Amino acid sequence: MAIAVVRNDNMTDVWKDALRAQAPDVPVYGPGEDFRESDIKMAAVWKHPPGSLKTYPNLLGIQGLGAGVDFIFEDTEIREDLPIMRVVDPYLASDMAEFVLAVATGMLKRLQYYKYNESLSLWKPKTYQRFKEVTVGIMGLGKLGLAVAQSLESAGFSVVGWTRNSLPKVRFEVFRGSAERTRFLKRSEILVCLLPLTPGTRGILNRDVFKTLPKGARLINVARGPLLEDGDLLYALDQGMLSEACLDVFHTEPLPQDHPFWKHPAVHITPHIASVSDPKSVAPQIISNYRKLIKGAVPENIVSRSAGY
Ligand code: NDP
């Protein structure tokens, strides 16, 4: 009985080490190692090659190594009966909260503008906004969206939120579903996207949404690239519907060299770094889920196949 770590990057060994340190009794393997595929009971995955998990005939569950599991649902060769789990971790939430607060601060205080002017030795003061004058709309009030809301509120921003069904117990106003979306958008001077990527959210950041936001609004997309219609964002920026956008996630990552976002003065790019799963912090929940699977118990943080998150 063992765990296989399958990732598309160079972090496989770091994850294997963290899992082994957490549970020295549990064999943990990566691709290319000498093990029996029939021994693998749990696959711990991040953007694994689609179809690659078929080689483990005795899998009991698939553990995503991040909060988002869209890449697992995109693998159509995964058995329908397998539970799929995701990461819920306090650092993932607090790192995201720190990141969004930093970006929103930089926007209001025009830090990117001054950095650019500095490269040209230009002294050009502009007005700035105070946090308390600005309302941030958060799309998605899950584990990360709620943490972001809390940190923005503590810093002095006004916050509104949007969910599919849920009504979290918070002091700020929450809008739900497509019926209340317009009212939510009209309030959002900075729009933060923290929705999961599902068939219902793909392309949701589009021209209609940008048109509905207050004129000159700002966008922060820290969720997934395919939530955004790239061409619609460029149009909205060029038409003045939006004044700037900070994007951490993209349709194709790394963002291709010839993508117009790189050269657009109002688009600020970070390389999918808003909040990254910390192997040491996350290892205990993965081992706990593995032991539950082996015992026939229900693991934690199972996602809904019908909802897609
Ligand atoms: P959760 O599953 O905890 O929360 C998702 C939220 O989105 C819920 O409030 C849910 O509503 C809402 N939602 C889902 N579908 C819709 C819809 N169609 N319309 C309106 N609201 C909807 O997710 P997390 O907060 O843990 O993570 C959010 C996403 O952040 C992840 O899926 C991932 O893609 C991304 N992420 C990005 C990172 C980065 O570094 N850039 C790092 C980690 C995650 P309801 O409450 O009603 O269910």
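A few comments on the model shown:
- Output for the range 65-83, where each listed residue is in contact (Cβ under 8 Å) with a residue 40 or more places away in the chain and not β-branched (Val, Ile, Thr): Leu65, Gly66, Ala67, Gly68, Asp70, Phe73, Glu80, Pro83
- Tally, over the range 186-214, of residues that are within 20 Å of the chain's Cα centre (by Cα) and open to solvent by less than 70 Å² (accessible area, probe 1.4 Å): 17
- Where Pro254 falls short, out of the listed (1) open to solvent by 70 Å² or more (accessible area, probe 1.4 Å); (2) in contact (Cβ under 8 Å) with a residue 24 or more places away in the chain; (3) assigned to a loop (DSSP other than H, G, I, E, B); (4) not hydroxyl-bearing (Ser, Thr, Tyr): (2)
- The range 260-290, residues that are touching a residue at least 60 places away in the same chain (Cβ under 8 Å) and not in a loop (DSSP other than H, G, I, E, B): His268, Pro279, Lys280, Ser281, Val282, Ala283, Pro284, Gln285, Ile286, Ile287, Asn289, Tyr290
- The range 174-209, subset aliphatic (A, V, I, L, M) and under 23 Å from Gln129 (Cβ atoms), residue nearest to the ligand (Cβ to nearest atom): Leu194
- The single residue among Val148, Val87, Val160 that is part of a strand (DSSP E or B), open to solvent by less than 10 Å² (accessible area, probe 1.4 Å) and either within 30 Å of Tyr56 (Cβ to Cβ) or not assigned by TED's automatic domain parsing to the domain that holds Arg291 (or both) turns out to be Val160.
- Any chance Tyr116 is more than 12 Å from the ligand (Cβ to nearest atom), touching a residue at least 24 places away in the same chain (Cβ under 8 Å) and not in a loop (DSSP other than H, G, I, E, B): yes
- Within the range 41-67, the set of residues being open to solvent by 20 Å² or more (accessible area, probe 1.4 Å) and within 16 Å of the ligand (Cβ to nearest atom) comprises Trp46, Lys47, Ala67.
- Taking the conditions (1) under 26 Å from His251 (Cα atoms); (2) outside the structural domain of Pro196 (by TED's automatic domain parsing) in turn, Ser94 satisfies each one other than (2).
- Within the range 268-285, the set of residues being within 16 Å of the ligand (Cβ to nearest atom), open to solvent by less than 60 Å² (accessible area, probe 1.4 Å) and of a type in the set (A, V, I, L, M) comprises Ile269, Ala274, Val282.
- Boolean, Leu101 is within 30 Å of Asp248 (Cα to Cα) and crowded, with 21+ Cβ neighbours inside 10 Å: no
- The set of residues in the range 218-240 that are crowded, with 21+ Cβ neighbours inside 10 Å and over 21 Å from the mean Cα position of the chain (by Cα) contains only Ala236.
- Any hit, the range 164-173, residues being more than 22 Å from Ala245 (Cα to Cα), assigned to a helix (DSSP H, G or I) and within 15 Å of the ligand (Cβ to nearest atom): no
The values are calculated or read from the model by the stated rules, or taken from the named source; none is laboratory data. This structure is a prediction, so every number in the text was calculated from the model and none was measured. FYI the Cβ positions are ideal-geometry reconstructions off the backbone, even for glycines, and counts take in every protein chain you see. Side chains are part of the model used for accessible areas, which takes the heavy atoms of the whole protein and leaves out ligands, DNA and RNA. Shrake-Rupley method; radii C 1.70, N 1.55, O 1.52, S 1.80 Å.
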